[in-house]
Amino acid sequence: MVVSSSDLFKSCYLPDKTELQERNLKTRHDILVGDHCDIGYGLYGEDIVISELSTMHGDIVAEGDLRIDNFCEVFGTVLCNGDAYLGEGVKIHGKLNVGGNLDIGDNVVIDKEFKAYGDIAIRNPMPVVLYLLLYVMTMLHLEGEEAARKRVESLISEANSAPLVLPPKTAMDLRYFAVPTPMEIGSNCRLHGNIRAQSVKIRKDTTLFGSVQASQRVKLGPRTAIHGDVVGQNIRVERGADVLGDVAGKTVWLHEDARVSGVIKATEGLTIGHAEGK
């Protein structure tokens, strides 16, 4: 069975009540990080999976299990309440504290002390991409690879059960949160940073301290507050949303009860209406 990690990362998804603070990305859900990511924040979640060749510039705290794939590098402390799996060539420039068992691959480097309260085994753990496939199949209660692939997108659209997903080649620092895929943000989130994505959909009651820029569509849900500019091809601003900046696109749809503090630029037309849309 040959599975590409890109099959499991169709888009970026932040579940309800996600917090992107000054130094940490925090959620009550699982976290899946694609390969070749450069994340300038710490991670706090339930089970955390980090795919190969990713760099993490912050502490990692997993309330459940933790998997870090081959040749990843972590510039911070790693805390795991469950079992931990470290692939070949992983480097941790800080402490490692594991509440359960620790499986560790070849040539792993831990700069400071480490503790594991369960068994320690030196071996090559299951590759993360296969673990991710089993993860998805388990959540969906499916038996086939193709069925799992077809249902991944519906899985990540269900806020009550979906993990936080950072697709391959995500880049995050104190200025930008950039992904090469569409991005969907749940309700009641509080985020700091400037978002860059193919398209951006934000659900209700979320606050973003930064701008939004998409090469395609942008949708701001009810009572969303954006403390910055919004740029996209097609922009929709729903009831009660508040943009404290400019809005620029080819077409702009603005609910009559929404507010834009800056300039609205719509080269192909501005519509002000009252009907809710998709």
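Worth pointing out:
- Distance between the pseudo-spin-label points of Glu19 and Tyr117 (7 Å out from Cα toward the beta carbon): 2.4 nm.
- Candidate cross-link partners of Lys112 among the lysines, defined by an alpha-carbon separation under 20 Å and a same-chain spacing of 8 or more, comprise Lys91, Lys95.
- Summing Cβ point charges (Lys, Arg +1; Asp, Glu -1) relative to the Cα centre of segment 182-273 gives a dipole of roughly 220 debye.
- Pairwise centroid distance, computed over Cα atoms, of segment 228-278 with segment 177-206, Å: 16 Å
- Counting beta carbons within 10 Å around each of Tyr41, Tyr13, Tyr117 and listing the fewest first gives the order Tyr117, Tyr41, Tyr13.
- Among Val179, Val243, Val212 the positive-end extreme of the charge dipole of segment 163-278 (Cβ point charges): Val179
Any read-out appearing in this document is the output of simple, stated calculations on the displayed coordinates, not a laboratory observation. Remember, predicted model here, so these are calculated numbers, not experimental data. Every residue, glycine among them, receives a Cβ derived from its backbone with ideal geometry; neighbour counts consider all protein chains shown.
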